[in-house]
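Rule-based calculations on the coordinates, nothing more; no lab input. It should be emphasised that the depicted structure is a prediction, and the values quoted were computed from it without experimental measurement. FYI the Cβ positions are ideal-geometry reconstructions off the backbone, even for glycines, and counts take in every protein chain you see.
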Ligand SMILES: Cc1cc2nc3c(=O)[nH]c(=O)nc-3n(C[C@H](O)[C@H](O)[C@H](O)COP(=O)(O)OP(=O)(O)OC[C@H]3O[C@@H](n4cnc5c(N)ncnc54)[C@H](O)[C@@H]3O)c2cc1C
């Protein structure tokens, strides 16, 4: 039988939903090199440069407090969360209303000023900060909840609402957000939609193309697109909302969202299990699907070196002994006895057949949070190694972990750590290679091989983080030329001057 809970000790730091204060995030010493220097092959587009009369327009529109132009105050908005890229914008705008966003974009379009939309700035592919001096439009003050319909479960809110705040407000009405991620304390729903964020429970609640019912967005020329339907069914021509979901701020700035929210589960069970091999992980996943069926809400993998990050760097405590692999299995349902019975039966079979050797299971809130912290804090803890080369790949489930072993052979001791964790249930692995500092040599040994390998397996070079600044030239590994050309055509129609998030997503 499973061993019981063996005291997790005091969980320090990095609890789920940790808020990342602007600019104190990350642990690499100092600021990263400017993007224009590190990626000197990328040339600034033919955009205007910010002038005093532009600043005057913005100040007249927003007032002085909502226009940040002092270079040191702008710094926090110029650096991404993992400190991998840095722009040098001297203009951060903080609109409160859709109308203000519309006037800002119309002005920028007229004057050929490039714009970088920004939400919580937790993106992991360098899309949320300027490459050069693009004007940053930050949605932090667009944070009103407009309505929660308790009967249909539909939430309507502004784009700058923090994901965790939304979840807390919904909980008061026995509802929950259909997505959850480690950055929930900082990321905005508008950023989630613009990246089509996946997260920890996509396995159960599906992706945002399914749960977003409608949205409002402002096009590059300032035109407001009211697509804010709250209907489940609406087959009136092209489904335009999908263009804004996952287009990472290149087609418009999302200002409002209507999203379908599931009922908050009455019962949650979480088990944390130790396994010897990746084959055991796959067998356990198959068993979980069979035995837990409709209540399975998450199945996450953590390899030994990933767990070592949170126990070593962050001082969290593992509830079980050391193993090469761990999985976190969560169920969410409406009947505690039924759900516990199912979880226990699943665990009994897994232990009896030997696929799982040790583990712990709980339905207590504080212990559930403590187990989730082991998984959710990996991204943060990794930064303490130094520089992190991050890859977010969709791969056929059987080949899921092979890429980690492949890179251990290729890079070996030259890296601080090569580890893999992620969403087994979605076939999405996060391959991370950390080094003491950024190294062009290591980069060349990783790329393009990592993408070629993924493409050969018919995987995706970006499962959920997006393309951002770091991956446009690798999109062709996952998209055909006609598909890329159609994306470029759509961009030309919606943003003919290319002012919205230039240098991102689309290959040049
Ligand atoms: C600890 C941690 C864990 C994470 N876990 C996950 C995970 O499990 N799954 C996952 O998918 N991601 C994850 N991420 C990545 C990140 O949190 C998501 O991509 C998130 O959706 C970004 O939201 P944001 O508000 O921070 O957007 P930002 O980082 O500010 O922006 C991301 C992109 O969207 C654009 N954008 C932002 N707001 C708007 C808007 N209103 N309109 C138009 N464009 C906009 C930006 O220009 C940029 O291209 C994680 C990040 C961290 C730091």
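How are the alpha carbon pair distances in region 48-158 distributed across 5 Å bins from zero to the largest one, expressed in percent?
Cα pair-distance distribution for region 48-158, in percent: 2, 12, 21, 22, 17, 12, 7, 4, 2, 1, 0.
Rounding to the nearest 10 and keeping the result within 0 to 90°, find how far the Cα-based axis of helix 336-352 lies from the longest principal axis of the chain.
So the helix axis and the longest Cα principal axis differ by about 70 degrees.
Out of all DSSP beta bridges in the chain, what portion is antiparallel? Express it as a percent rounded to 5.
Around 90 percent of the beta bridges assigned by DSSP in the chain are antiparallel ones.
Taking the Cα centroid of region 77-148 and of region 228-246, what is the distance between the two, rounded to the nearest whole Å?
24
Kirkwood Rh over alpha-carbon pairs of region 312-432, then Stokes-Einstein at 25 °C and 0.890 mPa s: what D in µm² s⁻¹, rounded to an integer?
Numbers: Rh = 16.6 Å.
Roughly 148 µm²/s, to the nearest whole number.
How long is the chain along each principal axis, judged by its Cα atoms, biggest number first, in Å?
On the principal axes, the chain reaches 72, 56, 46 Å in Cα extent.
Distance between the C-alpha centers of region 437-508 and region 154-222? Whole Å please.
Distance between centres, Cα-based: 24 Å.
Angle check, please: helix 52-62 long axis (alpha carbons) against the longest principal axis of the chain (alpha carbons), in degrees 0 to 90, nearest 10.
Helix 52-62 sits at roughly 60 degrees to that axis.
With everything on Cα atoms, drop me the angle between helix 278-292 and the longest principal axis of the chain, reported from 0 to 90° to the nearest 10.
Once rounded, one gets 90 degrees.
With a 10 Å Cβ neighbour count serving as the proxy for reagent exposure, in which order, fewest first, do 54, 338 appear? Provide the component values of the computation, followed by the final result.
Numbers: 54 17, 338 13.
In order of increasing Cβ crowding within 10 Å: 338, 54.
If you rank 438, 407, 47 by fewest surrounding Cβ atoms within 10 Å, what's the result? Mind dumping the intermediate values first?
On the way: 438 17, 407 24, 47 20.
Ranking 438, 407, 47 by Cβ neighbours within 10 Å, fewest first, gives 438, 47, 407.
What distance in nm separates the simple spin-label points at residue 240 and residue 483, each placed 7 Å from Cα in the Cβ direction?
Using points 7 Å along Cα→Cβ, the separation is 2.5 nm.
Run through all the Cα pairs of region 386-477 and give the fraction in each 5 Å bin from 0, expressed as whole percent.
Going from the shortest bin to the longest, the percentages are 3, 14, 28, 26, 20, 8, 1.
Would you order 362, 353 from fewest to most other beta-carbon atoms within 10 Å of each residue's own beta-carbon? Spell out each step's value before the answer.
Numbers: 362 19, 353 12.
Ascending number of Cβ neighbours within 10 Å: 353, 362.
Would you calculate the volume per residue, in Å³, of the smallest convex hull containing every Cα atom of region 267-379? Don't skip to the end; give the middle numbers.
Details: hull volume 9.7 nm³, N = 113.
Per-residue hull volume (Cα only) is 86 Å³.
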